[in-house]
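Okay, structure first, notes after.
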Amino acid sequence: MCGIVGYIGTRNCVPVILEGLRRLEYRGYDSAGIALVRDKEFFIQKKAGKVSNLAAALGEAEGTVFATLGMGHTRWATHGEPSDINAHPHWDQKKRIALVHNGIVENYQAIKTKLLRDGHTFLGATDTEVLAHLVGVMYDECRDLPTAVRLALSEVDGTYGLVVIAKDDPGRIVAARKGSPLLIGVGDGENFIASDASAIVEHTRKVVYLDDGEVADITTSGVRTMTIDDVTVEKPIHQVTLELSQIERGGYDHFMLKEIHEQPETILNAMRGRLLVEEGDVKLGGLQNIIGRLLSARRLILTACGTSWHAALVGEYMFEQIARIPTEVEYASEFRYRDPIVNIDDVVFLISQSGETADTLSALRDAKTKGATVLGIVNVVGSSIARESDGGVYAHAGPEIGVASTKAFTSQLTVLALITILLARVRGMSRERGQVLARELATLPDKVQTILKETEKIRKIAEEFKDAKNFLYLGRGANFPVALEGALKLKEISYIHAEGYPAAEMKHGPIALIDENMPVVFIVPKDGIYDKVVSNIQEVRARRGRIIAVANEDDTDIDELAEFVIRVPRTYGFFGPILNIIPLQLLAYYIAVARGTNVDQPRNLAKSVTVE
Ligand code: G6P
């Protein structure tokens, strides 16, 4: 979703900002813009489409315009179509201040009506332009940018990550946050502002995370942080460990392919130092202080969005089957608005790659207000969910750039498996049983490596089905969420309509769709319900559906039943999703490539959804 990068210092900020915007492209956006201050005048350029359009519009300027204060933005449209006019930055009425904004001003219509009455004119349709005008009005009155921003925000309902500059005050950047992430990069005689560390990590690793309700006054010599009511806040400086190589493609055609291939390593990283094979146990530092509450929890609630919600569904199988704790799973967007019954002895897990998803963050706050213990399973270190949770476990997948989540998903599942073993042990599972599970979990990185050898076969299957109009994905037990996730991967990046179903539910509806044109992907490991799934396969065969099976290496019967078979090693049923999703990620990837779509930045999608 929208991205922000800003700079104040002594060097030319144009390449810093354009490169920062390129690093933010993965978040998903549909227009981009830049504002620079030179000789107390603004230079603003805004373009619909990609950052490359903006750079082209700047033309020669990319190398020749010199400015030491500026900011850039990538916009993911909410209010108003993606266009040059609606792109940020926006000016106020007198073109004295420029502003970029992530989030939504919910009461913008009321503010706009009042400003129109006062003679303001608006060029576009965005809520942000209204906010820029409001800050401009305040700036006219007080002539002090931090004060103007604070006063304007006291009239605003909604969410924001906001950066403002004034052409007649080129010594400062003012930023404010409520619900949309912002961090300040602390340099030597220069400072940065960004919505995501990847935009600035090549310049500095020292960052200050702004919290909700805070405003920052950033100059070349320092940063003053205050609340909206002007109470100074002392903020700690954090060290970002992100490596530049982690946010580059490293020889792969797409980030998504790189991230799929990283999974043997990222799954291992999720377990490293945590899985104690000999003890048959798990050590998770982020849960140590609340282990008592986990022990006495009467119910676990897992809540998340998108792919992370699919991880939650698998988590439910793990928690209930192995740890025997009643578990519920709910979309965060539903959880937050239905006033759920949450007890103080409930433990609520928030699962999120980015740690910034607006609905998941709100669900966290709601559960916290109701007295529950809230724990994060988060990938991005220092993100809002990580910071607001009572504890939690990082996924340690490293930066995920491809919009379609892959390695973060398998790391989330690995973390859920670790928590499951931990919970089961504290609730009485024997050391021997713990050892058996831990030993198997430790084999998964190698098993993923084995699956990646199927790549060429999967690429050929993708060629065969690249023109399909629909796909059906079917699985049972813990592989039902895998079916949902396989279908999601395909629709996200190839734009083919795909549905995931529990295999046995097929006959209650989707079976009506099956004919010789319908590819049906079955996840069919040799487990206790193998024969049941085979019956479902027969039902599809009888209607001439085309069957692709994800089956175990030693399953000799499946060749008779399926047109295409992708082999995966055996594991325990509840760990199976960590392996079985890998071929489905590759299938979606190669179908998308064959169709020529933008794999890493699919249309309309955002990596991190920071609006409701
Ligand atoms: C967006 C992304 C998905 C992701 C979902 C939840 O829709 O495109 O890939 O699964 O948000 O994101 P989170 O960061 O909370 O896991």
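Throughout, read-outs are computed from the coordinates displayed, never taken from laboratory work. Computed from a predicted model, the values in this text were never measured in an experiment. Virtual Cβ from ideal backbone geometry, glycine too; neighbours counted across all protein chains shown.
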- [ ] On a C-alpha basis, how far is the centre of region 534-586 from the centre of region 361-406 in Å? Whole number, if you could?
- [x] 33
TODO: Kindly write out, for region 238-244 in residue order, the coupling ³J(HN,Hα) from the Karplus curve 6.51 cos²θ - 1.76 cosθ + 1.60 (θ = phi - 60°), rounded to whole Hz, with x marking Gly and Pro.
DONE: 9, 9, 8, 9, 3, 9, 4
Open item on the list: As an exercise, use a Förster radius of 51 Å and the Cβ-Cβ distance of residue 508 and residue 206 to find the FRET efficiency, rounded to the nearest 0.05.
Closed with: 0.35
Task: Amide H within-cut-off set for residue 31, under 5 Å, with H built and near neighbours excluded - done: 49, 75
Task: Residues whose placed amide H lies under 5 Å from that of residue 546, excluding near-sequence neighbours - done: 518, 520
Open item on the list: For region 369-514, report the % of Cα-Cα distances exceeding 21 Å.
Closed with: 61
TODO: Output the pairs from 407/457; 258/489; 407/526; 50/94 with a Cα-Cα distance over 18 Å in this structure; if there are none, say none.
DONE: 407/457; 407/526; 50/94
Open item on the list: Once you order the gyration tensor axes a ≥ b ≥ c over the Cα atoms, which shape class does region 490-604 get: rounded for a/c under 1.5, otherwise prolate or oblate by comparing a/b with b/c?
Closed with: oblate
Task: R0 of 51 Å, Cβ-Cβ distance residue 94-residue 237: FRET efficiency to nearest 0.05 - done: 0.90
TODO: Calculate, in nm to one decimal, what residue 605 and residue 106 gain on full extension: separation in residues at 0.36 nm each, minus their alpha carbon distance.
DONE: 177.5 nm
Open item on the list: Given Cβ point charges of +1 (Lys, Arg) and -1 (Asp, Glu) and nothing else, what value in debye, to the nearest 20, does the dipole of the chain about its Cα centre take?
Closed with: 220
TODO: Kyte-Doolittle cut-off 0.5, length cut-off 18 Å along the helix's own axis using Cα: show which whole DSSP H helices in the chain pass.
DONE: 407-426, 576-595
Task: Residue-by-residue Karplus 3J(HN,Hα) for region 545-553, coefficients 6.51, -1.76, 1.60, Hz, glycine and proline x - done: x, 9, 9, 10, 10, 9, 9, 6, 4
Task: region 429-447-region 64-104 distance, computed between alpha-carbon centres (Å) - done: 52
Task: Karplus-derived HN-Hα couplings along region 253-260 (A = 6.51, B = -1.76, C = 1.60, θ = phi - 60°), whole Hz, x at Gly and Pro - done: 5, 9, 4, 4, 5, 4, 5, 4
TODO: Mind jotting down the distance between the C-alpha centroids of region 110-138 and region 232-279, whole Å?
DONE: 43
Open item on the list: Run the simple label-point estimate for residue 296 and residue 431 please: 7 Å along Cα→C-beta, distance reported in nm.
Closed with: 2.8
TODO: Answer rounded, prolate or oblate for region 3-245, using the Cα gyration tensor with square roots of eigenvalues a ≥ b ≥ c: rounded when a/c is under 1.5, else prolate when a/b is larger than b/c, else oblate.
DONE: rounded
Task: Placed amide H near residue 158: partners under 5 Å, 5+ positions off or other chain - done: 106
- [ ] Taking the Cα centre of region 159-245 as origin, work out the dipole magnitude from +1 charges on Lys and Arg Cβ and -1 charges on Asp and Glu Cβ, in debye rounded to 20.
- [x] 60
Task: Normalised convex hull volume, the chain, alpha-carbon set, Å³ per residue - done: 153
Open item on the list: Under a Cβ-only charge scheme (Lys and Arg +1, Asp and Glu -1), can you give me the dipole magnitude of region 454-599 about the Cα centre, in debye to the nearest 20?
Closed with: 340
- [ ] Have a look at 482, 472, 417 and report the one farthest towards the positive end of the charge dipole of the chain, computed about the Cα centre with Cβ charges (Lys/Arg +1, Asp/Glu -1).
- [x] 417
Open item on the list: Cross-link candidates for residue 235: which lysines have Cα within less than 24 Å, leaving aside residues fewer than 8 places away along the same chain?
Closed with: 178, 206, 368
TODO: Please give, to one decimal in nm, the separation of the simple spin-label points placed at residue 387 and residue 224, each 7 Å out from Cα toward the Cβ.
DONE: 2.1
Open item on the list: Expected output is a single nm value to one decimal: the length gained when fully extending between residue 279 and residue 249, i.e. 0.36 nm times separation in residues minus the C-alpha distance. What is it?
Closed with: 6.9 nm
Task: Computed [θ] at 222 nm, deg cm²/dmol, the chain (DSSP H ≥ 4; -39,500 (n - 2.57); rounded to nearest 500) - done: -11000 deg cm²/dmol
- [ ] May I ask you to list the GluC sites (Glu not before Pro) in region 22-100 that are in a DSSP loop and have at most 11 other Cβ atoms within 10 Å of their Cβ?
- [x] 60
Open item on the list: If I model a spin label at residue 594 and residue 515 as a point 7 Å from the Cα along the Cα→Cβ vector, what separation in nanometres do I get?
Closed with: 2.1
Task: Net length gained if the chain between residue 334 and residue 532 were fully extended (0.36 nm per residue, minus Cα distance) - done: 68.0 nm
Task: Cβ-Cβ FRET estimate between residue 464 and residue 341, R0 fixed at 45 Å, reported to 0.05 - done: 0.35
TODO: Go through 40/95; 507/532; 460/607 and tell me which ones have a Cα-Cα distance over 19 Å in this structure.
DONE: 460/607
